[in-house]
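Written below as structure tokens is the structure these notes are about.
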Amino acid sequence: MEPELVDLVVVGLGVGGEEVAGQLAKAGLSVVGIERDLVGGECPYWGCVPSKMMIRAANTLAEAHRVHEFAGSARVSPDWAPVAERIRAEATDTWDDQVAVERFVNQGGRFIRGSGRLDGPGRVRVNDQVFQARHGIVLSTGTRPFAPPIDGLADTPYWTNHQAIEVERLPESLLVLGGGAIGLELTQVFARFGVRVTVVEALDRILATEEPESSEVVAAALRADGVDINTGVIADRVDHDGQQFTLRANDVRYTADQLLVVTGRRAHLDELGLDTVGVRADQRFLPVDDRLRVTEGIWAVGDVTGAGAFTHVATYQAGIVVADLLDRVRRSEAGAALDGTGAALDDTVPRADYRALPRVTFTDPEVGGVGLTESQARQQGINVQVGSVPLGSSARGWIHRADGLIKLVADADRGVLVGGTSIGPAGGEVLSGLAVAVHAAVPLAELRDMIYAYPTFYRAISDALRDLG
Ligand SMILES: Cc1cc2nc3c(=O)[nH]c(=O)nc-3n(C[C@H](O)[C@H](O)[C@H](O)COP(=O)(O)OP(=O)(O)OC[C@H]3O[C@@H](n4cnc5c(N)ncnc54)[C@H](O)[C@@H]3O)c2cc1C
């Protein structure tokens, strides 16, 4: 079959691919966007947006339960129906992407529903069509939930994040396998709606990628919500008897009506035809350079790159790819020289820099983290200084009766912050100041000289700076 010549082919229209494809179509390129499921990907349909709707609902319940502490009394009767309805109607259009498809087409893109696969240099095959991309191919195929190879698990009707987000009637009890950010956010939501939740985590603490203090605060908050947290537990068998799940770890058995498996996600590189362009498919993620180039004429964005499974990473990377591709198009149209890899020789195109990568776990309290944790900084041989204060020691934290913490990780030699954690009712928002400080390497002296509004949560940063010494 004769391939059809186009400017660009984008395989996978999740947050990352949709952004690249839409921007470049709007810029006038002929762009083919291929998506096998829903345009928008995980974030709007089974990820960030609906989970945050659930969290918003669960947190209103928690606040209502605090009325007796501050303001009299209130009777609270949780009801999942409005949450499920809001997710169906407002977040996902009943898991229909027509609006997103139309948005892309209105930007000038050509949409194809199907699974795209590389078919040699510059070529992508989808359904019964083959496209030859004049300027490039972008792989933005994301990840899928990963379930560990535990005996029996694959034969049970366990939930991934998809079923957890789509649920209309809550189970009475839930086992959550995996104590990372996604699992803990959902754990707290369901617990606050009255589900008996048990968390089973193989590592010795939940939220293991964040500071140990973050794990402690979140574990305490979840226990206060009635969650049973079990760490250092290696599950060795899962069974389902038609009614209940049983998870075994050595001699211990955990049972519940439902099992949610949230033990990470995997890119499925073997499906992409990478061998046809000389790229190994037996890797965990697609290796990219700092302009997201995989190899000549191929870029990757989003979760598939392994740079951080966040929507803000996907959109950040998308911006770089758009700039790089537009630069390449401009140069090739001008007949300008290309370098050895065929990529444009332009240093004005930004390079990806993850030093100040922000992460937020939207539990209550929220856990914001940016840059390096203390142990990561020590592993890098940095001359580390640490300052931390409990949020309750700040005026606002005390007034609010809030649990939380500010922790700063500084490079004493350079006199700058290399990492920070803000835990509290608005931990994700308070993080913004720390992210600026890490990103711009603001001198500690400048941070100490600033005026911090009283009585805000973020004012606790000035106390933590004092604790740095
Ligand atoms: C429960 C949950 C909560 C989350 N909350 C947050 C949050 O609060 N903040 C945050 O920043 N991030 C959050 N995330 C992560 C966020 O959803 C991802 O980082 C983001 O969706 C990544 O975008 P992506 O474009 O790389 O991949 P995806 O969104 O996974 O999109 C990839 C797309 O490619 C398609 N595809 C794959 N292979 C092919 C193929 N061969 N041909 C055609 N199409 C293909 C898939 O169908 C999919 O639509 C959350 C994730 C989950 C699961």
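Its alpha carbons give the chain an Rg and a Dmax of 24.0, 75 Å. Converting phi to 3J(HN,Hα) with the Karplus coefficients 6.51, -1.76 and 1.60 and the offset θ = phi - 60°, segment 140-157 yields 9, 9, x, 9, 10, x, 10, 10, x, x, 8, 3, x, 4, 4, 8, 9, x Hz in sequence order, with x at every glycine or proline. Using only the C-alpha atoms, the convex hull of segment 190-294 corresponds to 176 Å³ per residue. Here is the list for segment 360-443: trypsin sites (Lys or Arg not before Pro) lying in DSSP coil, each with at most 16 other C-beta atoms within 10 angstrom of its C-beta, are ARG401, ARG414. Highest mean packing comes first when the peptides 422-429, 224-231 are listed by Cβ atoms within 10 Å, giving 422-429, 224-231.
Every read-out reported here was derived from the displayed coordinates using simple, explicitly stated rules and does not represent laboratory data. Remember, predicted model here, so these are calculated numbers, not experimental data. Neighbour counts run over all protein chains shown; Cβ positions are idealised from the backbone, glycine included.
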